[in-house]
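First up is the structure itself, then whatever we jot down about it.
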Amino acid sequence: MTIRSIPVADRVTDAFFALDTDFRFTYLNERAETLLKRSREELIGRVMWDEFPQTVETQFPDGFHRAMDEQVPVSFEVYHAQLETWFEARAYPSETGLSVYMRDVTERKSQETTLAQHAAVVEAVYDAILTLDRNRELVTVNSAIEELLGTDRSDLIGEHVETLTQQAGISDTDAVEIGRAITDVDVGNADRRQLEVSFTAADGSDRVGEFRFVPIEDDHATVAAVIRDVTDRHEYERVVTSLHEVTRWLLESDDPEEICAVAVHAGGDLLDLPISGVWLLDDEQGYLDPVAGTAGAHEEFGGLPRFSPGEGLVWDVFEDGSVTRFDDLEERSGLYNPDTPIRSEIIAPIGTHGVLMTGSLAVDHFDETDVDLVSILVENTRAALDRATRERVLRERTAELEHRSERLESVAEILSNDLQQQLSAVADALDDGDDATDEWEFPLAEDSVDATLDRAEGLVDDIREFARNASAVGPRCRIDLETAIDDALERSRLDGDRDHVIVEQSATLRADAERFGRLLETVYNDVAARADGPVTIQVGVVGLDDTDRSRGLFIRDDATTRPPAIRSHEVDSSTGVVAERAADGLGLTLVKAIAEAHDWTFTVDPGDTGGTRLEIRDLTTLEKRPQTGYKSGSDSRS
């Protein structure tokens, strides 16, 4: 370097220094002195590696030796840790050494780092992102666009945006709207524009995309577009809307089984839950009974099981009351069927009514979206079942009030007729007494008075029982039929004929013990009133071995006189009042009322060989007990 070149080097804004062939400093400009924090006098004539040993671990040695050995210019970037500054070093060789220029490129490096980070983010997001220049040509696209359209970015970069809309199968109308949105953002008419557009994905499926356009400041691009696939969101909103429409159908029905059928098929069709079913709690039996299931459930299992308390995961979830998802049933214990082909399932309680279950043959088939949608379905189903229950209770109360009114009218008529009969009997006796010339005595014998009082007392008891609310059945408990028969006989007017009551089959049933006992007692009193002498009564069960007939029991007697209902064949189905009635109490009218209070069916027919046969059907809880050879009043009864 000559002396005349020194002033020029001092005027260079970049740091500049010169080295000889042994890498000794021969010159430094002021910017280099500032950068190296050493003066010219301290450095000229000294070897660079000795004065700055920290540079040995950088690119300087390799770069400078290569430039000197090969006599070629070299450039590289280096970070100055103490100054927290990036420099671009350029070395130019000559026969006498190296001329080195160092430029501060920290700002450029920072921009490059920021751009690289942004690019990494753009590539990492699931949304498709692209940028456009003022000519509507694609400047950049990320990998999400490549995956969405099944094309390489090299086929898109530099092409007009219409290329993208055509490859995506976007309609002409929507393509025009996209063009308007880009223009509005580019010219500043809007800070952002957003559109929802239908398009076709690489796999041929129809999708819905949310297009968002925003302005950007870039050397090449002016508008950025973010395309988000919102198909699943649209489908979710569609399903939720449909579920609320299903609610209208649910609320139009007052039949619990119909409501459950609608819910199950809504789950199968709308939520794509082909293996689903609904179980409702049987209040009397205490188990969860299947009432509705999809075709897929029946095809897979051939029928849905009944769950008793404590059986399987279903009872745990039902008692807990929260919708629960099971991703892998093989990892769960306490399964109802350890060999079930179901691998994942959702169990959703329907309030206190029961549960809805849906399953899949695949592990991890369901996600939180499925849980949300099933929760909406069961909540709507619960509301419909609550409404059906309220309306059923209202109907029952209305019917009961009507029945009670009719019963009160019947009671009034019975009292009027019976009292009139008793008064007429007394009046006739008095008339007979007036005609007698001998000393007058009370015309009714003592035994006749006792009989009259007994009939009056029985009448009062019958009326009290008959006037009770027919639906007011007390707590039901397990009753031994033989014991109930024996207790009723003890209280009845057949007390002297206990050896003539035969029970064919030992059995048990669930009923209101007090009212069932009154039913049997009334039957026996009716038989006693119709019998002219000793009478035989036979009690048996029906329907236990015949699945086509409802379960029940029959009571057959051989009394010569049949009940008034058989003679007249006029039993009011709404009130249970018999058109013709025996003088001793309400008789079989009371039996019918108690049976109907238990939701049983009561009929009166002639016996096969004479006499009368009473039947009580729909005793669903009637079960056999081992035969004990029972004969009422014998020592063998249990």
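The values are calculated or read from the model by the stated rules, or taken from the named source; none is laboratory data. Here the structure is a predicted model, which is why all the values come from computation and not from measurement. A quick note on method: Cβ atoms are made from the backbone with ideal geometry, for glycine too, and the neighbour counts reach across all protein chains shown. Side chains included, ligands, DNA and RNA excluded: accessible areas come from the protein's heavy atoms. Shrake-Rupley method; radii C 1.70, N 1.55, O 1.52, S 1.80 Å.
Applying the Karplus relation 6.51 cos²θ - 1.76 cosθ + 1.60 with θ = phi - 60° to region 526-541 yields 3J(HN,Hα) values of 5, 5, 4, 5, 9, 8, 8, x, x, 9, 10, 10, 10, 10, x, 10 Hz, where x marks Gly and Pro. Applying 1/(1 + (r/R0)^6) with R0 = 30 Å to the Cβ-Cβ distance of ARG153 and SER198 gives a FRET efficiency near 0.80. Residue ranges 95-102, 344-351, 331-338, 58-65 sort as 344-351, 95-102, 58-65, 331-338 when ordered by packing (mean number of other C-beta atoms within 10 Å per residue, highest first). Descending by average beta-carbon neighbour count within 10 Å, the peptides 39-47, 555-563 line up as 555-563, 39-47, the highest first. Calculated FRET efficiency, ASP608 to LEU544, Cβ-Cβ distance, R0 = 35 Å: about 0.95 to the nearest 0.05.
Cα-based values for region 214-281, radius of gyration first and Dmax second, are 21.4, 70 Å. Assign one of three labels to region 201-244, namely rounded, prolate or oblate, based on the Cα gyration tensor with a ≥ b ≥ c the square roots of its eigenvalues; rounded applies when a/c is under 1.5, prolate when it is not and a/b is larger than b/c, and oblate otherwise. Note, shape of region 201-244 comes out oblate.
Taking region 194-224 and a reference point 7 angstrom along Cα→Cβ of TYR236, the backbone N atoms nearer than 20 Å belong to 195-199, 206-212.
Mind running the shape call on region 9-107? Use the C-alpha gyration tensor, a ≥ b ≥ c as the square roots of the eigenvalues: rounded below 1.5 for a/c, prolate if a/b tops b/c, oblate otherwise. Taking the square roots of the gyration eigenvalues as a ≥ b ≥ c, region 9-107 is rounded.
For the peptides 234-245, 375-386, 20-31, the ranking by mean Cβ contacts within 10 Å, running from highest to lowest, is 375-386, 20-31, 234-245.
The apolar share of the surface of region 286-403, taken as the fraction of accessible area on carbon and sulfur atoms (1.4 Å probe, ligands and nucleic acids excluded), comes to 46 percent.
Overall, the anisotropy analysis places region 253-393 in the prolate class: the square-rooted eigenvalues a ≥ b ≥ c of its C-alpha gyration tensor yield a/c not less than 1.5, with a/b exceeding b/c. Here the label points at GLU379 and ALA362, each 7 Å from Cα along the C-beta direction, are separated by 2.8 nm in the simple model. If the segment from THR340 to GLU30 were pulled out straight at 0.36 nm per residue, it would be longer than the present Cα-Cα gap by 103.1 nm.
Between VAL208 and THR508, what length in nm is gained on full extension when 0.36 nm per residue of separation is reduced by their alpha carbon distance?
Values: separation 300, 0.36 × 300 = 108.00 nm, distance 6.49 nm.
Gain on stretching VAL208 to THR508: 101.5 nm.
Label sites at ARG306 and VAL187, each approximated as a point 7 angstrom past Cα along Cα to Cβ, lie 7.7 nm apart. In this structure, VAL393 and ARG478 have a Cβ-Cβ separation that, at R0 = 41 Å, corresponds to a calculated FRET efficiency of about 0.95. The slack in the chain from GLU400 to THR560, taken as 0.36 nm per residue of separation less the alpha-carbon distance, amounts to 54.0 nm. Both numbers refer to the Cα atoms of region 125-235; Rg and Dmax are 12.9, 40 Å.
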